[in-house]
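Participant: Below is a structure I'd like to ask you about.
The values are calculated or read from the model by the stated rules, or taken from the named source; none is laboratory data. Not measured: the values here are computed from a predicted model. Cβ sites come from the backbone with ideal geometry, for glycine too, and all protein chains shown count toward neighbours. Ligands, DNA and RNA are excluded from the accessible area calculation, which covers all protein heavy atoms including side chains. Shrake-Rupley method; radii C 1.70, N 1.55, O 1.52, S 1.80 Å.
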Amino acid sequence: MRAVVIERYGEPAEVREVPVPEPVEHGVVVRVEATGLCRSDWHGWQGHDPDITLPHVPGHELAGVVEAVGSRVTGWRAGDRVTVPFICACGTCPSCAAGDHQVCERQTQPGFTHCGSFAQYVALDHADVNLVALPRELSFATAASLGCRFATAYRAVVQQGRVAAGEWVAVHGCGGVGLSAVMIAAASGTRVVAVDVSAQALDLARTFGAAHCLDATSVPDTAAAVRDLTGGGAHLSLDALGSAATCAASVNGLRRRGRHVQVGLLPSPSGTTPVPMARAIALELELLGSHGMAAHSYPPMLELARSGVLRPDLLVTSTIPLDAAPAALAAMGEAPGAGVTVIEPWS
């Protein structure tokens, strides 16, 4: 099969022929019809993820058709249309037993712990725990964004963030996950302040329901601007980019007893990122993380997408062939782009 292969961190990847994977007894192999290009893939390419072993095939947001099934899989067969969370849970550890598959103690992640979906086929573990059936109404390109960005945003806003109608929600960073959060929060009856440095991203945020859009390059203090717009601060704020500046702005833009959810990864040379803890203590803020969403939590989100209340299809702004993926991956460091880019490995 054809796949994008990383030989050395930070150096150009290349498309070449590699062996088709075989399913383990509890897993499947999926023919990849669409896979999203995510900033997490860029972090992996840069060497920020300790689970990656080179040479490596990136890619963790995917949708496709089951091609081969392991001997112990009971719920799936060849030909099924599926997607999968980017965290594949084991289904048996204490966290999984509690329903918290997204923090599974023995998790695997396509594109990180093993070769991923920037390829024509990908192997997935514990299929009976992790696969999600796709409604016919959702295209593969639309479904490709669900496994990471859209599902992560849904959990961050609805489950971790406990969003409520009438609240103010601030979203710092309007890439794929940030725009997803804007759409989900607006559909939940909130007033959204979207913050980014890209006029194109802010235009999309406005289209997806943001009440206010802030260009972070044109205001001296984005946290103060959020507090002014919201009459004292957001009830819920998300750092959807992942930087020391956006994390601090998210926390500092909250009102008393507000909730900050960290979604974007925060790589740091020292291993830690400064957070305004004095403000968190003084205002009794909640600081939360959000790490994907378990497969069993997908049905409510899928029903909202199937019925048209949520429109993840509108987030897909670019579709590219596999041969264009290495350059697009490298470009994410300087210009992440607006919306979601989807790779179609068979085009």
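Participant: Roughly what angle does helix 298-307 make with the longest principal axis of the chain, taking Cα atoms, 0 to 90 degrees, to the nearest 10?
Facilitator: Once rounded, the angle reads 80 degrees.
Participant: Which value results when the Cα radius of gyration for the range 83-214 is divided by 2.2 N^0.38 Å?
Facilitator: Working: Rg = 16.6 Å, N = 132, 2.2 N^0.38 = 14.1 Å.
Cα Rg divided by the expected 2.2 N^0.38 Å: 1.18.
Participant: Also, I was wondering about something else. About its Cα centre, how strong a charge dipole does the chain have in debye, to the nearest 20, once Lys and Arg get +1 and Asp and Glu get -1 at the Cβ? Mind dumping the intermediate values first?
Facilitator: Working: 23 positive and 32 negative charges, 197 e Å.
Dipole of the chain, to the nearest 20 debye: 940 debye.
Participant: When the gyration tensor of the range 1-150 is built from Cα positions, what are the square roots of 5 times its three eigenvalues, in whole Å, from largest to smallest? Walk me through the intermediate numbers first.
Facilitator: On the way: eigenvalues 102, 65, 44 Å².
They are 23, 18, 15 Å, listed largest first.
Participant: Along the charge dipole of the range 222-347, Cβ charges K/R +1 and D/E -1, which of C247, V316, G292 sits furthest on the positive end?
Facilitator: C247
Participant: Along the range 203-211, what does the Karplus equation 6.51 cos²θ - 1.76 cosθ + 1.60 (θ = phi - 60°) give for ³J(HN,Hα), rounded to whole Hz, x for Gly and Pro?
Facilitator: After applying 6.51 cos²θ - 1.76 cosθ + 1.60, I find 4, 5, 4, 5, 4, 8, x, 5, 7 Hz.
Participant: Moving to a separate point now. Mind checking the angle between helix 176-187 and the chain's longest principal axis? C-alpha axes, 0 to 90 degrees, to the nearest 10.
Facilitator: With rounding to tens, the tilt is 60 degrees.
Participant: Given the Cα-Cα distance of A133 and A245 and 0.36 nm per residue of separation, how much length would full extension add, in nm?
Facilitator: 36.5 nm
Participant: Can you pull a Stokes-Einstein diffusion coefficient for the chain at 25 °C (0.890 mPa s), Rh from Kirkwood over Cα pairs, as a whole number of µm²/s? Please report the intermediate quantities before stating the final value.
Facilitator: On the way: Rh = 20.1 Å.
Value of D from the Cα-based Kirkwood radius: 122 µm²/s.
Participant: Moving to a separate point now. Carbon-plus-sulfur fraction of the accessible area of the range 188-347, 1.4 Å probe, in percent?
Facilitator: Details: 4000 of 7190 Å².
Carbon plus sulfur share of accessible area: 56 percent.
Participant: If the chain between H291 and A165 were fully stretched, how many nm would it gain, using 0.36 nm times the residue separation less the Cα-Cα distance?
Facilitator: Working: separation 126, 0.36 × 126 = 45.36 nm, distance 2.35 nm.
Length gained between H291 and A165: 43.0 nm.
Participant: Which whole-number value in Å² is the accessible area per residue of the chain, probe 1.4 Å?
Facilitator: On the way: 13780 Å² over 347 residues.
Dividing the accessible area of the chain by its residue count gives 40 Å².
Participant: Can you give the FRET efficiency for E105 and L266, using 1/(1 + (r/R0)^6), R0 = 25 Å, r = Cβ-Cβ distance, to the nearest 0.05? Walk me through the numbers on the way to the answer.
Facilitator: On the way: r = 22 Å, r/R0 = 0.88.
With R0 = 25 Å, the Cβ-Cβ based efficiency is 0.70.
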